[in-house]
Amino acid sequence: MTPDHSHTCAHGHDHTDHDHSHADGHDHASHDHQDHDHEGCDGHDHGFGFGRPHTHAPANFGRAFAIGIVLNTIYVVAEALWGVWAHSLSLLADAGHNLSDILGLGAAWLAESLARRAPTTRFTYGLRRSTILAAFVNATVLLLVTGGIIWESIVRLFANAPVEGSVVSWVALVGIAVNAFTALLFMKGASNDLNIRGAFMHMASDAMMAFAVVIAGLLITWTGFQIIDPIVSLIVSVSIIVATWSLLKGSVSLSLDGVPAGIVPADVQAALLAVPGVSGLHHLHIWPMSTTETALTVHLLRDDTAQQSPEQIITQATILLRDKFKISHPTFQIESPPASCDLQQVCC
């Protein structure tokens, strides 16, 4: 490494709004941003100050979770009782599904609460990744419960127990209202938060199952064919598995630090290379901190002829990543030619 090879290692700051709070609790009020240079490739300064609260917290769905759990608890008890009385596998299966949803909503709510806790010296990023674990648990439970419904439906195909079609339909109509209403509470966050999406999937799948129960009840009332009950359950169960697979796949990917869906590393690289003053980059890493927050680290090579200072490059790159890719936790290391960082030869 040559003596004139300097490095600037810094966390991205958005100076347009003077917000220097980060997920890992850095306190920037106590150090000079103009003196943020470090000699050598290892010159990262990640000093943690745990006094500051996190400023990138996800939307609060606490009220939605509370309403959903209360409504579903009342409904699952009523549905199970009516299912036993009417000898309906569809109602009992839906009640079991609803029970798993109560547990799933509870897990997602707990994870959301844990994700809001401030970082500590032991958990320097806080407990944000608990939302990823909750999404995985919800997907797994949903698939297991649906698998159980499929098994019971197959058994029921060969055991024609009588089903009270009209009772089944009326109870399931209430289920559609309860589950659809609860699903709507989570619809807003389902597209960009895998944890909330897990809660939404639970409720949406329950609404689908309840709708299938209504159809089964009506068909049984009109035709008298008891076999319709397990057949309808099988059809809906398969559709739920198909819909849940992407949730399971996404949660596993995030738990293994896969690049979050919607972010293409090649696009991020091209955007960073287009920042004025940047002539190259290496060691680009992108990973999820939670189901809503993304972190990035990268070594940027600053052109010797650049008019921009390292701080200006960092500021522009930070704004770019935040606005275009929703990456809110970037960390940069600025390197100056002609020498290149020794770490560039190492895969890390």
(request) Mind counting the residues in region 103-136 that are within 23 Å of VAL178 (Cα to Cα) and surrounded by fewer than 18 Cβ atoms within 10 Å (Cβ to Cβ)? (result) 3
(message) Criterion first (within 25 Å of ASP323 (Cβ to Cβ), touching a residue at least 12 places away in the same chain (Cβ under 8 Å) and in a helix (DSSP H, G or I)) does ALA271 satisfy it?
(response) yes
(request) Inspect region 247-255 for any residue being free of Cβ contacts under 8 Å to residues at least 40 places away in the same chain, charged (D, E, K, R) and not assigned by TED's automatic domain parsing to the domain that holds VAL298 and give the result as yes or no. (result) yes
(message) Testing VAL168 on (1) surrounded by 24 or more Cβ atoms within 10 Å (Cβ to Cβ); (2) closer than 18 Å to ILE102 by Cα, one condition comes back false. Which one is that?
(response) (2)
(message) Condition (residue is part of a helix (DSSP H, G or I), without any contact (Cβ under 8 Å) to a residue 24 or more places away in the chain and surrounded by fewer than 24 Cβ atoms within 10 Å (Cβ to Cβ)) applied to region 201-214: is it met by at least one residue?
(response) no
(message) If I filter region 177-188 for residues that are in contact with a helix residue (DSSP H, G or I) (Cβ under 7 Å, 6 or more places away or on another chain), in contact (Cβ under 8 Å) with a residue 40 or more places away in the chain and surrounded by fewer than 24 Cβ atoms within 10 Å (Cβ to Cβ), do I get at least one hit?
(response) yes
(message) Just to be sure before I move on: is LEU99 free of Cβ contacts under 8 Å to residues at least 40 places away in the same chain, buried (at least 16 other Cβ atoms within 10 Å of the Cβ), assigned by TED's automatic domain parsing to the domain that holds SER233 and not in a helix (DSSP H, G or I) in the structure I sent?
(response) no
(message) Please determine whether any residue of region 256-268 is in a helix (DSSP H, G or I), touching a Pro at 6+ places or on another chain (Cβ under 7 Å) and more than 18 Å from VAL145 (Cβ to Cβ).
(response) no
(message) Just checking, does region 116-138 include any residue being over 14 Å from ILE196 (Cβ atoms), assigned by TED's automatic domain parsing to the domain that holds ALA212, at pLDDT below 80 and in a loop (DSSP other than H, G, I, E, B)?
(response) no
(request) Could you list, in sequence order, all residues of region 293-313 that are touching a Leu at 6+ places or on another chain (Cβ under 8 Å) and outside any strand (DSSP E or B)? (result) ILE313
(message) Looking at the structure I just gave you, is ILE228 surrounded by 14 or more Cβ atoms within 10 Å (Cβ to Cβ), farther than 23 Å from ASP323 by Cβ and not charged (D, E, K, R)?
(response) yes
(request) List every residue pair whose Cβ atoms sit under 9 Å apart, with the two residues 6 or more apart in sequence or on different chains, where the first one lies in region 156-174 and is at positive phi and in the same structural domain as PRO230 (by TED's automatic domain parsing) and the second, anywhere, is buried (at least 18 other Cβ atoms within 10 Å of the Cβ) and modelled with pLDDT of 80 or more. (result) none
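The values are calculated or read from the model by the stated rules, or taken from the named source; none is laboratory data. All values derive from a computational prediction rather than experimental measurement. Don't worry about glycine lacking a Cβ; one is built from the backbone with ideal geometry, like all the others, and counts go over all protein chains shown.
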